[in-house]
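K.L.:
Sharing a structure below in structure tokens format, with a few things to ask.
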Amino acid sequence: MDTATMDQISRMPRSDPRIESLVERHRMLEERVHALSMREHLTPSESVELVRLKKEKLVVKDEIESLLHAKSA
């Protein structure tokens, strides 16, 4: 997630469980993407998983940014 989004999240009161849940999901996806990316070789199923995880991570990021935008409007 980009620095501006992370800064905006860190300044928010921790009262929105939906955003908190999405941030946690994004963190977990990032950890798995990182773990797979560090491997020298991936199996075909791991390659598919990596692509799926990256797409899901982008969807979660978009949801977070959408919720943040709605809250700041």
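K.L.:
Residues ILE64, ILE9: which one is part of a helix (DSSP H, G or I) and modelled with pLDDT under 90?
P.N.:
Numbers: ILE64 fails: modelled with pLDDT under 90.
Going through ILE64, ILE9 in turn, just one is part of a helix (DSSP H, G or I) and modelled with pLDDT under 90: ILE9.
K.L.:
Here's another thing I want to ask about it. Can you tell me how many residues within the stretch 38-61 are of a type in the set (S, T, N, Q), part of a helix (DSSP H, G or I) and exposed (fewer than 11 other Cβ atoms within 10 Å of the Cβ)?
P.N.:
1
The values are calculated or read from the model by the stated rules, or taken from the named source; none is laboratory data. Note that the structure is predicted; figures quoted are calculated from it, not measured. Backbone-built Cβ (ideal geometry, glycine too); neighbour counts: all protein chains shown.
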